[in-house]
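J.: Starting off with a structure, shown below.
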Amino acid sequence: MASHASSHALAVLAGDHKAVSQLLAEFDELASDGADAGERNALARQICDALTAHAVAEEGVFYPAAREALQDDDFIDDALAEHDSVRALIEQIETLDASDERFDALVIMLARAVAEHVKQEEGDLFPRVEAAGLDMQRLGERIIRQRDETLRLLAQEAV
């Protein structure tokens, strides 16, 4: 079980954002250094799994709570549309091997899409949700459970 402070919903989501951003920066460094395809492929798969689990938790737990609390469908629909764009890039990356000439470019496009989504979410959505008076601890615990369960399922599929 996560500690009390770390299970605040917005802290959980921001922590995921930071972790994925660090993985994407690490990928960029590997690609710039000409790392072998196997190393880049493994890191890209880790990035895709982390983003997928994060998105499942946001879409299944956070966005429905935010939609209800904010009564702003357009705002949440825009965030979901951004998720669709990220998901499409993930699907393309997952069909390629890192030796494919398009692979690194797709991961870089993914990094840009994620950075833009994080900026919008943390800058606009998070403050509005924070002010809405939701039970952030309970919401965060639900997000963690959903994310971790999705990661377990993705790991099982990979075996």
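The values are calculated or read from the model by the stated rules, or taken from the named source; none is laboratory data. What you see is a predicted model, and the numbers here were worked out from it, not measured in a lab. All Cβ positions, even for glycine, are placed from backbone atoms using ideal geometry, and neighbour counts span all protein chains on display.
J.: Please tell me if ASP72 is over 15 Å from the mean Cα position of the chain (by Cα), closer than 27 Å to ARG128 by Cβ and modelled with pLDDT under 95.
T.: Answer is yes for this residue.
Table: residues versus (1) of a type in the set (Lys, Arg); (2) surrounded by 14 or more Cβ atoms within 10 Å (Cβ to Cβ).
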site: ILE90; (1), (2): no, yes
site: ASP100; (1), (2): no, yes
site: ALA113; (1), (2): no, yes
site: VAL118; (1), (2): no, yes
site: LEU125; (1), (2): no, yes
site: ARG142; (1), (2): yes, yes
site: LEU151; (1), (2): no, yes
site: GLN156; (1), (2): no, no
site: VAL159; (1), (2): no, no
